[in-house]
Amino acid sequence: MTSSAKIMVLLIEDDMDIAGTVSDYLELEGVECEHAFDGIRGFELAQQSNYDVILLDVMLPFRDGINICKELRANSVDTPILMFTARDTLEDKLQGFQAGADDYLVKPFAMEELLMRTRVLSRRRSGEFKKFNLLDLSIDFDKRVVTRAGKDIKVSPTGWTILEVLSQNSPKLVSRSRLEMALWQGQPPDTNALKTHLYKLRQRIDKPFQHNLIHTVAGQGVALREV
């Protein structure tokens, strides 16, 4: 599900080689990219213009990405922010999410993954994912209503979060770590917590019906799709 509207992103990155590679790749894929090389200019652009997604490096001259993210959120700028950095510890990731980031990529990253995550965040902003339909499954995220084959299905708050992440990425696989980050900021209450919640969700979404829509691929992740 790709929107036909042009996606406009702001890239705040001081490494000219990375910035050039990212900008060129995104533009080849139909994503317009405006670029700032330092934190001060990046913050100014983020406040002045209407972007679909902000791609924000953590380590920047003059103002770091964490500081920029916090102040943008404090100023009610709700543009989705994808933060990326060479730091890959859980503490670093949590710091980014606590500052208000919507997603996180660790360098070096694949351009295909950056593109996918950028498109997902842009669709979230546009409201494309207010409703999701797959075969006889219908999800209305605004009204918090799930139906399958015309039957109402009750879903827990945790189940709603799982459905939102899976639908935003459907039909692609979502890793266990990404689901755990969405649910518990990467720190699940126990090692079987995600497995338990997925089991409960399947009992409601799949078990009473002929075709399974929630699929797990061992060692890779979970997907919401036909097969």
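The values are calculated or read from the model by the stated rules, or taken from the named source; none is laboratory data. As the structure is a computational prediction, the values presented were derived from the model and not from experiment. We place every Cβ from the backbone using ideal geometry, glycine too, and count neighbours over all the protein chains shown. With ligands, DNA and RNA removed, areas are computed over all heavy atoms of the protein, side chains included. Shrake-Rupley method; radii C 1.70, N 1.55, O 1.52, S 1.80 Å.
Remarks
- Taking the criterion of being acidic (Asp, Glu) and under 19 Å from residue 209 (Cβ atoms), the residues of the range 128-179 that qualify are 136, 140, 152.
- Exclusive hit being of a type in the set (A, V, I, L, M, F, W, C), touching a residue at least 60 places away in the same chain (Cβ under 8 Å) and surrounded by 18 or more Cβ atoms within 10 Å (Cβ to Cβ), set 94, 135, 90, 121: 121
- So residue 70, is it basic (Lys, Arg) and either surrounded by fewer than 19 Cβ atoms within 10 Å (Cβ to Cβ) or at pLDDT 90 or above (or both): yes
- The lone criterion from (1) within 21 Å of residue 178 (Cβ to Cβ); (2) modelled with pLDDT of 90 or more; (3) open to solvent by 20 Å² or more (accessible area, probe 1.4 Å); (4) not aromatic (Phe, Trp, Tyr) left unmet by residue 40 is number (1).
- Filter pass, residue 132 being touching a strand residue (DSSP E or B) at 6+ places or on another chain (Cβ under 7 Å), modelled with pLDDT under 90 and in a strand (DSSP E or B): yes
Conditions (1) in a loop (DSSP other than H, G, I, E, B); (2) open to solvent by less than 20 Å² (accessible area, probe 1.4 Å), marked per residue:
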site	(1), (2)
162	no, yes
167	no, yes
191	yes, no
199	no, no
207	yes, no
216	no, no
223	no, yes
227	yes, no
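- Some residue of the range 139-151 being crowded, with 16+ Cβ neighbours inside 10 Å, touching a helix residue (DSSP H, G or I) at 6+ places or on another chain (Cβ under 7 Å) and at pLDDT 90 or above: yes
- Among the residues here, residue 37 does not qualify as farther than 22 Å from residue 106 by Cβ and in contact with an Asp or Glu (Cβ under 7 Å, 6 or more places away or on another chain).
- Of the residues in the range 111-125, none is within 17 Å of the chain's Cα centre (by Cα), assigned to a loop (DSSP other than H, G, I, E, B) and over 20 Å from residue 184 (Cβ atoms).
- Residue count for the range 44-60 satisfying the condition of being under 19 Å from the mean Cα position of the chain (by Cα), of a type in the set (Asp, Glu) and either surrounded by fewer than 22 Cβ atoms within 10 Å (Cβ to Cβ) or modelled with pLDDT of 90 or more (or both): 1.
- Residue count for the range 76-87, restricted to those that are farther than 21 Å from residue 61 by Cβ and open to solvent by 30 Å² or more (accessible area, probe 1.4 Å): 2
- Any chance residue 178 is touching a residue at least 24 places away in the same chain (Cβ under 8 Å), crowded, with 18+ Cβ neighbours inside 10 Å and more than 19 Å from the chain's Cα centre (by Cα): no
- Residue 109, sole failed condition from (1) surrounded by fewer than 16 Cβ atoms within 10 Å (Cβ to Cβ); (2) free of Cβ contacts under 8 Å to residues at least 12 places away in the same chain; (3) in contact with a Phe, Trp or Tyr (Cβ under 8 Å, 6 or more places away or on another chain): (2)
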